[in-house]
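The values are calculated or read from the model by the stated rules, or taken from the named source; none is laboratory data. Computed from a predicted structure; not experimentally measured. As a convention, Cβ positions derive from the backbone with ideal geometry for all residues, glycine included, and neighbour counts pool all protein chains shown. Calculation scope for accessible area: heavy atoms of the full protein, side chains included, ligands and nucleic acids excluded. Shrake-Rupley method; radii C 1.70, N 1.55, O 1.52, S 1.80 Å.
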Amino acid sequence: MKILKPKFWDQNYFTFLSILLFPISLLYRFILFLRKLFVAEKKFAIPIICVGNIYIGGTGKTPISLKICKILKEFNQNPVIIKKNYKNHIDEISLIKKHNKVLTSEKRGDAIIQAIEKKFNFAVLDDGYQDLSIKKNLNIVCFHGKQKLGNGHLIPAGPLRESLDALKNCQIILINGNKDLEFEQKLKRYNSKLNFFYYNYYSKNIENFKNKKLIAFAGIGNPQNFFDFLKENYLNIVQEIHYPDHYEYKEKDLEDLSKLENKYNAKLITTEKDYLRISPFLRKKFDYVKLELKFQDEEGFKNNLKKLIV
């Protein structure tokens, strides 16, 4: 979804816009309720791990999906990532292809059938928690420690794709950030059996950008999280430029960025997903921050995945 998230989504109180849009959110909630009544769930011959979210976008589903595949390969398994074929998600598909096999289709179920035919023995859904047509063996819901639930309302009054009641189908909560017992307890009201794991990002090439003036730009779910990461690593960011999620960079956008580069005598840096959305012929002026994901309790998380291996 191409969207530049409104600021009121992450404010912890009612705003004029959230109140104005609240009736539409109620209608959206009713539509979700009807879907759950009429969609039939299908079971597949291989284990299905779903990496999803409730807060819309920017929760790290793709890096987590890749990490899960890496762990499964350590267990001598043959996983594939399943993506629904959204045209504007080509950046995520390109990123996955650099590290793992991926199958796409208009329906996730069709891609899972392809996976079985191609002899993969695990399917990892990158997104799909709201896809009720697939029986999942393990449901993982991702949050960022800074945004958490935003203002707690469903779209469009807030950033939630569905209500927290949906957590009753979840087994694992992954949080990008530090341990937050208060947030854990809030989510456990909806499912007391939830297991919580925390992770952080580390950069593989951060030293390349030290002691330089930098212009950072990003068109991801929560660009501010990327900019904050750069500043937490003591990089000199002279300007931050936000674009909508999955933004398709046009030649004019890149020309404008190049003008800023000359104006500030600074280097242009972005995320790997954004970098892959830039035409290969124009990438040489840009660089990206290589990120690595690390769990705070990786052994504990691995033990949960081992349970699925028969």
Computed accessible area, residue 238, all protein chains, 1.4 angstrom probe, square angstrom: 50 Å²
For segment 231-310 versus segment 212-230, the gap between their alpha-carbon centres in whole angstrom: 7 Å
Dipole magnitude of the chain about its Cα centre (Cβ charges: Lys, Arg +1; Asp, Glu -1), debye to nearest 20: 580 debye
Straight-distance crosslink candidates among lysines, where the alpha carbon sits under 25 Å from residue 212 and sequence neighbours closer than 8 are dropped: 204, 231, 259, 263, 267, 273, 284, 285, 290
Carbon and sulfur %, accessible surface of the chain computed with the full protein complex present, 1.4 Å: 53 percent
Label-point separation in nm, residue 224 to residue 290, each point 7 Å along Cα→Cβ: 3.1 nm
DSSP bridge orientation in the chain - percent antiparallel, rounded to nearest 5: 15 percent
Sorted largest first, extent of segment 167-229 alpha carbons per principal axis (Å): 48, 21, 18
Kyte-Doolittle at least 1.0, axis length at least 30 Å by Cα - qualifying DSSP helices, the chain: 16-38
Calculated SAXS-style log₁₀ I(q)/I(0) at q = 0.32 Å⁻¹ - segment 93-135, Debye, Cα scatterers: -1.31
Kirkwood-Stokes translational diffusion coefficient of segment 177-310, alpha-carbon pairs, 4 °C, 1.567 mPa s, µm²/s: 75 µm²/s
Spacing of the two label points (7 Å from each Cα toward its C-beta) at residue 205 and residue 307, in nm: 3.9 nm
Alpha carbon centroid spacing (whole Å) that separates segment 64-82 from segment 95-116: 13 Å
Mean projection area, nm², convex hull over Cα of segment 255-310: 6.6 nm²
Accessible area per residue, Å², segment 70-136 with all protein chains present, probe 1.4 Å: 48 Å²
Label-point separation in nm, residue 260 to residue 297, each point 7 Å along Cα→Cβ: 4.1 nm
Potential lengthening between residue 88 and residue 106 on full extension [0.36 nm per residue; Cα-Cα distance subtracted]: 5.2 nm
Reachable aspartates and glutamates, given that their alpha-carbon falls under 17 Å from the alpha-carbon of residue 135 and they are not under 8 places away in the same chain: 41, 110, 126, 127
Per residue value of the accessible surface for segment 179-250 (all protein chains in place, 1.4 Å probe), Å²: 54 Å²
